[in-house]
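Just below is one structure, and these are the notes that go with it.
The values are calculated or read from the model by the stated rules, or taken from the named source; none is laboratory data. Just so we're clear, the structure is a prediction, and the values are computed from it rather than from any experiment. With ideal geometry, Cβ positions are generated from the backbone for all residues, glycine too; neighbour counts draw on all protein chains shown. Just the protein is used for accessible areas: all its heavy atoms, side chains included, with ligands, DNA and RNA removed. Shrake-Rupley method; radii C 1.70, N 1.55, O 1.52, S 1.80 Å.
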Amino acid sequence: MSGLPLLVASVSSLFRDVSNELMSYTSQMNTTHWGIVAGSAVAFGFLCLKGTNANR
């Protein structure tokens, strides 16, 4: 159980680093970038729905 505090610290550091990266990316993105991200998300969603038997 002595490794648990190290694991918690490591996961906390990972989340902090990821959130810093996301904030950096979102502050640098313009309208075109956001449009590409949104369009990709919509296309991915339709592909996921098409690939399952949910609509049958």
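The table below gives the values:
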item: The one condition in (1) at pLDDT 90 or above; (2) open to solvent by less than 100 Å² (accessible area, probe 1.4 Å) that A9 fails to fulfil; result: (1)
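Per-residue answers, yes or no, for (1) assigned to a helix (DSSP H, G or I); (2) surrounded by 10 or more Cβ atoms within 10 Å (Cβ to Cβ); (3) at pLDDT 90 or above:
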| position | (1), (2), (3) |
| --- | --- |
| M1 | no, no, no |
| L22 | yes, yes, no |
| Y25 | yes, yes, no |
| T32 | yes, no, yes |
| I36 | yes, yes, yes |
| A54 | no, no, no |
